[in-house]
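Novice: My questions will all concern the structure given below.
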Amino acid sequence: MTRPHAPEPVSDDAIAVPPAGAVSGPARRGRPSKARSAGAGVTREAILDAAEDLFSKHGFYGVTIREVAREAGVDTALVHYYFGAKRALFDSVFLRRAEIWNNERADAINRYARDAGDAMTLEGLLEAFLRPPFQWSLKGGPGWKHYCALVAQTNANPTFGGETMARYFDPAIRRLLELVHEVLPGASDTDVYWAWHNLSGALTLTLGETGRLDRLSDGLCRSGDLESACDYMVRFASAGFRAVCAPRPDTAPTT
């Protein structure tokens, strides 16, 4: 009798479907049972949690699908089945919390603008925009800590960071900058974009909680003190926007 061949190993970049029966068993008519659907949802979330943790610590290029599967306690083929290749898994990790984060920020600034009316200030606007991510990092559990670190890494990634950040965060940011123009009606688009660029770097670095501030200040300040960090950032960014967007006198011609 001929011995059956062993299955070929699945590469990290291939899209594979689990063997028949590994996930759902024999095909049946009608909808899948609630228990099976719930189990699939739990497995999918476990994979996303494991990938988020690993990506936040080692970056996109430092993680393999096999490592994600091992961390999640599932077969490698199951990761491919749910998410495809590694970049698709990364995008799924990024999108999961970006929707929550951005919806809250957009709602907060729109609510503030409506309630404040003509009394809207930079401080109030930036407070409304910045507070949600700080609060999620403070109170959302380890997953949100991992996500904040991942966003900090991605924002500084020269290969695909700009494209990824634009895809997931630009709508809420553009709404913020529209409202900044209402507070600073004389500001040029160029100045407003540069002011945001500087705030964006400060925000993601702070949410990354690298411990750099702790060491530099010899423990006087703590990078994990996110309540204080948000308060300082609102003051810093408000002054920064005003300084960058202030009208500049024309340079006198040289003789």
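Novice: Having 3 or more residues that are under 19 Å from the mean Cα position of the chain (by Cα) is the bar; report the helices (runs of 4 or more DSSP H) wholly within region 40-122 that clear it.
Specialist: The helices (runs of 4 or more DSSP H) meeting that bar are 86-116.
Novice: So, one more: Consider region 178-218. How many of its residues are surrounded by 16 or more Cβ atoms within 10 Å (Cβ to Cβ) and either more than 20 Å from Val244 (Cβ to Cβ) or over 18 Å from the mean Cα position of the chain (by Cα) (or both)?
Specialist: 13
Novice: Here is a list: Ala108, Ala85, Ala156. Which entry is open to solvent by 20 Å² or more (accessible area, probe 1.4 Å), closer than 22 Å to Trp196 by Cβ and of a type outside the set (Phe, Trp, Tyr)?
Specialist: When all the criteria are applied, what remains is Ala156.
Novice: Shifting gears a bit: List pairs: first in region 224-247 and closer than 22 Å to Gly141 by Cα, second of a type in the set (Ser, Thr, Tyr) and in a helix (DSSP H, G or I), Cβ under 7 Å, 6+ apart or cross-chain?
Specialist: Leu226/Ser137; Ala229/Thr206
Novice: Mind listing just one residue for me: the one in region 83-141 that is β-branched (Val, Ile, Thr) and touching a helix residue (DSSP H, G or I) at 6+ places or on another chain (Cβ under 7 Å) and, of those, farthest from Asp53 (Cα to Cα)?
Specialist: Ranking the candidates gives Thr121 first.
Novice: Out of curiosity, is Arg248 part of a helix (DSSP H, G or I), open to solvent by 50 Å² or more (accessible area, probe 1.4 Å) and basic (Lys, Arg)?
Specialist: Values: part of a helix (DSSP H, G or I): no; open to solvent by 50 Å² or more (accessible area, probe 1.4 Å): yes; basic (Lys, Arg): yes.
No, not satisfied.
Novice: OK, next. If the requirement is being of a type in the set (A, V, I, L, M, F, W, C), over 23 Å from Tyr147 (Cα atoms) and either open to solvent by 30 Å² or more (accessible area, probe 1.4 Å) or not in a loop (DSSP other than H, G, I, E, B) (or both), which of these qualifies: Ala229, Ala243?
Specialist: Result of the check over Ala229, Ala243: Ala243.
Novice: Pull up region 43-70, narrow it to residues that are closer than 16 Å to Ala149 by Cβ and of a type in the set (D, E, K, R), then point me to the one that is most open to solvent (accessible area, probe 1.4 Å). Break it down into steps so the answer makes sense when it comes.
Specialist: So in region 43-70, the residues closer than 16 Å to Ala149 by Cβ come out as 48-63.
Among the residues that remain, those that are also of a type in the set (D, E, K, R) are: 49, 52-53, 57.
Values: Asp49: 72, Glu52: 1, Asp53: 24, Lys57: 130 Å².
Among them, the one singled out is Lys57.
Novice: Any residue in region 197-215 that's under 14 Å from Leu126 (Cα atoms): show its pairings with residues that are open to solvent by less than 20 Å² (accessible area, probe 1.4 Å) at Cβ separation under 6 Å, as long as the two are six or more apart or on different chains.
Specialist: Sorted first by the residue in region 197-215, then by its partner, the pairs are Leu199/Ala237.
Novice: Within region 111-145, can you find the residues that are of a type in the set (Phe, Trp, Tyr) and either without any contact (Cβ under 8 Å) to a residue 60 or more places away in the chain or open to solvent by 20 Å² or more (accessible area, probe 1.4 Å) (or both)?
Specialist: Selection gives Tyr112, Phe129, Trp136, Trp144.
The values are calculated or read from the model by the stated rules, or taken from the named source; none is laboratory data. Computed from a predicted model, the values in this text were never measured in an experiment. Methodologically, a virtual Cβ is constructed for each residue, glycine included, from the backbone with ideal geometry; neighbour enumeration extends over all protein chains shown. Quick note on the areas: whole protein, heavy atoms, side chains included, nothing else; ligands and nucleic acids left out. Shrake-Rupley method; radii C 1.70, N 1.55, O 1.52, S 1.80 Å.
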